[in-house]
Amino acid sequence: MYLALLVIFLQCSELYTQERVFTFNTVEIKIRPSVKVKNGARMSVFCHADISKSTDFQLKHNFTIFKNGKPVFMSISDREDAQYEIPVARSSDTGEYECTVEAGGKTKSSNSLHVWVTGMTKPILTAEEKEVLEGEVVKLRCELPEEVPPLHFFFRKIKMNSTPKEKHVYEPYRNFSEVTFSVEEGDNILYFDCFGKRSVLLEFESSEHSNRTLVTVKEPFIKPTLNAKPSSNVTEGDRIQFECSTVVARMRDIEIILQKNKTILKSVQDEKILKYSAVATLEDSGEYLCKVEQGRASKTTKLNVVVSELFPKPILSASRSNLDENKELTLSCSISGFRKANFSILRKNSNGDISLKNSRNLTMRVNVNDTGSFICKAEVKGIVKESNPVMVNIYAPVSKPTLSVVSGLPEVVLGKPLRLICRSAMGTPPITFRFHKGNEVKTIVTNDTYAMFLDENIRQNDKKGYKCDARNNHSSGMKTSNILNITVIVPITSASLGSIPYGEVEDGHETAFLCSVKEGSWPIHFRIFRKTDHEVLLFETSENADRIVWRKKAMNRQDTGTYYCMASNRANVDVKSHPITISVILAVWQKGVIAASVLIPIAGAVTFASWWFLCKKKKAKGPSMEMSGSALATNLTSEKLTGQHNDGDYYSGSGYIEDSENHMKTTDETKDSVENRHSRIQGHPDAT
């Protein structure tokens, strides 16, 4: 029975489940009155779920409305609609809206919808002080209480008949901002206002301007007065006095400054008047400025002063501007149209001018140390004026110049530039140097004590000598150096190596090596090397010749190898020959000894065998057979020797001696040939 009830229950549950099937078709979100809402207006957000059901049954709908991804409204309802009301829309309500509906374990979201609440609330501006002094500051606060940052604030300072001054502040995290404006000279009635801006969809939206705030300005002191006594037009030597004064509201921190061309002449503090006097000079002409400062407040007054000339600047003249040492120099000082003055003549010096004479005229015998600038001064009524400087050059004669090569030795490598230096040990600069190659002037250089010359056109057969001359402004004229002859060093070209004998040499015999060059200046440094696993220097020498011969006595098997030579001279370029190969072979007598050591034991063995055979025959056949056996043995021995000689494996002693004598004779003749004619060495380019 229980089993039947369970089956009935499961079938009923299945039927019930099949009857409560539903699905979301869409979820929609709408804005009323539109997606663009005016600031302060009413705004409604509607969310509707379109659901299909298998039968008519009730569902609980969970509605959630999001703004910029954050939930702003939630509702549970049997209906398929929900409404989110915003009675007064503000710019902070601008954003992306989306609706999500959850029912029966299923969830669906609408598309997002951008809502723009246009317009911003009117900002509120407040000033910390309503009344300020010149030089102080006005502190302002602008607030947009119903707006959400980030925000831009703009403050304006408004004066009558002038363009407003504006300051901009960006506030990323606050809905208010504060700034200060300086109160400047001339500010008396000021108005301030502000407005805000925000960025919406890459566009800026502005608020209304705030209330206009009035700030009144008071003067802390009046504009100063500046006077000159006895007048602003005076003559050199007159005493002139300046007075600068003002009226202040309070004496604390007041300062008066007198300036000329940005130079402060005098200043006083916590006083209402400044006085300054001086003896007038031409340099005192110009514009004077009196400035009064207190805190940030500042006011100025200007006065132009003209100082007339009492007498003109003196003129210094010299008898000569260039003269030889030990000559007389006369200096004269004068004032055009004015004779009653106190004169002095001085020489300029970096440590202070040196007085030479308190007079209008000066005559002196000069030396080189007197070269320099001279001036004269004139004094009338306490006014001292200085002439323009006069330059006088005193010259010592140049000494005979010396010409040398910069590198030291009087030589140059062909193809390389030649650097010469010409020096004159004595003589007042500037000195003019001239360089000569042969009779031709190559270059002219003006310098202090020396000059350089570069000759890049060096030829192999250049025989022209060099010289230089020097002169300055001394009357003695030009001095000329000795002639410098230069040796042109020709670099080594094309080294070659040869030998006698060439290729093969018998052990114990001598080999002659010839190393020569095609071209190159003497002396030439020759080196001969043998190359095996490493290079071995065998011979080196320096000769005033283009070739050398080196004889290697008693060559042995260890001397087999590759040989080459290198040649160099003062051009410092090593030239290497092509290598030659020498093989050391056995001498003829050594071959004979080896042959004898092999053949003599063989001959002895044959002789012994023949003797033993004959003895054995004699015992067997008697005396007659002994003679017969002896002849046979002799014939056999003769046949064996004859057969070996014909095969070429044996050389008779007399034959070896003859060959050896002929070989030694040839060697001696070759040695004589090497000693007398190096050009016939085999393997050498000069070989015949």
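Projecting the Cα atoms of 101, 123, 514 onto the dipole axis of the chain, where Lys and Arg carry +1 and Asp and Glu carry -1 at the beta carbon, places 514 farthest toward the positive end.
Compute the helix-to-body angle for 623-646: its Cα long axis versus the longest principal axis of the chain, expressed 0 to 90° and rounded to tens. Value to nearest ten degrees: 40. Structural size metrics of the stretch 29-122, computed from C-alpha coordinates, are Rg and Dmax of 14.6, 55 Å. Among residues other than residue 108 with Cβ under 14 Å from its Cβ, the summed charge is -4 (Lys and Arg +1, Asp and Glu -1). For the chain, the longest principal axis of the C-alpha atoms and the axis of helix 588-621 are separated by about 40°. Once the C-beta distance of residue 326 and residue 302 is scaled by a Förster radius of 60 Å, the resulting FRET efficiency is 0.50 to the nearest 0.05. Of the whole protein surface, residue 115 contributes about 0 Å² of accessible area at a 1.4 Å probe radius.
Can you figure out the FRET efficiency of residue 605 with residue 537, using R₀ = 45 Å and their beta-carbon distance, to the nearest 0.05? Efficiency computed from Cβ-Cβ geometry: 0.30. Report, to the nearest 10°, how far helix 653-676 tilts away from the longest principal axis of the Cα atoms in the chain, using its own Cα long axis and a range of 0 to 90°. Tilt of helix 653-676: around 50 degrees. The residues of the stretch 225-305 expose on average 55 square angstrom of accessible surface per residue, using a 1.4 Å probe on protein heavy atoms. Net charge dipole, the chain: roughly 2360 debye, given to the nearest 20, about the Cα centre with Cβ charges of +1 for Lys and Arg and -1 for Asp and Glu. In the chain, a dipole from Cβ-located charges (positive for Lys and Arg, negative for Asp and Glu) runs towards its positive end, and of 397, 480, 138 it is 397 whose Cα lies farthest in that direction.
Nonpolar atom fraction for the chain, defined as the carbon and sulfur part of the 1.4 Å probe accessible area, stands at 51 percent.
How large is the accessible surface per residue of the stretch 494-585, computed with a 1.4 Å probe and reported in Å² as a whole number?
Working: 4440 Å² over 92 residues.
Here the residues of the stretch 494-585 average 48 Å² of exposed surface.
Could you report the stretch 98-137's accessible area per residue, 1.4 Å probe, as an integer in Å²? Mind showing how you got there, number by number?
Numbers: 1940 Å² over 40 residues.
Dividing the accessible area of the stretch 98-137 by its residue count gives 49 Å².
Quick check: convex hull over the Cα atoms of the stretch 315-395, volume per residue in Å³, rounded to an integer?
Values: hull volume 6.8 nm³, N = 81.
Per residue, the Cα convex hull of the stretch 315-395 comes to 84 Å³.
Net charge dipole, the stretch 315-395: roughly 380 debye, given to the nearest 20, about the Cα centre with Cβ charges of +1 for Lys and Arg and -1 for Asp and Glu.
For the chain, the spread of Cα positions along the three principal axes, ordered from largest to smallest, is 172, 155, 39 Å. In the complete set of protein chains, residue-level accessible area for residue 235 is approximately 50 Å², probe 1.4 angstrom. Note on residue 168 and residue 60: the model spin-label points, each 7 Å out from Cα along the C-beta direction, lie 5.5 nm apart.
Straight Cα distances below 30 angstrom link residue 442 to the lysines 400, 416, 463, 464, 467, 479, with same-chain residues fewer than 8 positions distant left out. Taking each DSSP H run with n ≥ 4 as -39500 (n - 2.57) and averaging over every residue of the chain yields -5000 deg cm²/dmol at 222 nm.
For the chain, give me the percentage of DSSP beta bridges that are antiparallel, rounded to the nearest 5 percent.
Details: 189 of 207 bridges.
If we restrict to bridges inside the chain, about 90 percent are antiparallel.
Among 313/377; 159/291; 531/576; 167/299; 165/218, which pairs are too far apart, with a Cα-Cα distance over 18 Å?
Details: 313/377 9 Å; 159/291 24 Å; 531/576 13 Å; 167/299 25 Å; 165/218 20 Å.
Table pairs above 18 Å Cα-Cα are 159/291; 167/299; 165/218.
The values are calculated or read from the model by the stated rules, or taken from the named source; none is laboratory data. Not measured: the values here are computed from a predicted model. Please note: Cβ atoms are built from the backbone with ideal geometry, for glycine as well, and neighbour counts cover all protein chains shown. Keep in mind that these areas ignore ligands, DNA and RNA; they rest on the heavy atoms of the full protein, side chains included. Shrake-Rupley method; radii C 1.70, N 1.55, O 1.52, S 1.80 Å.
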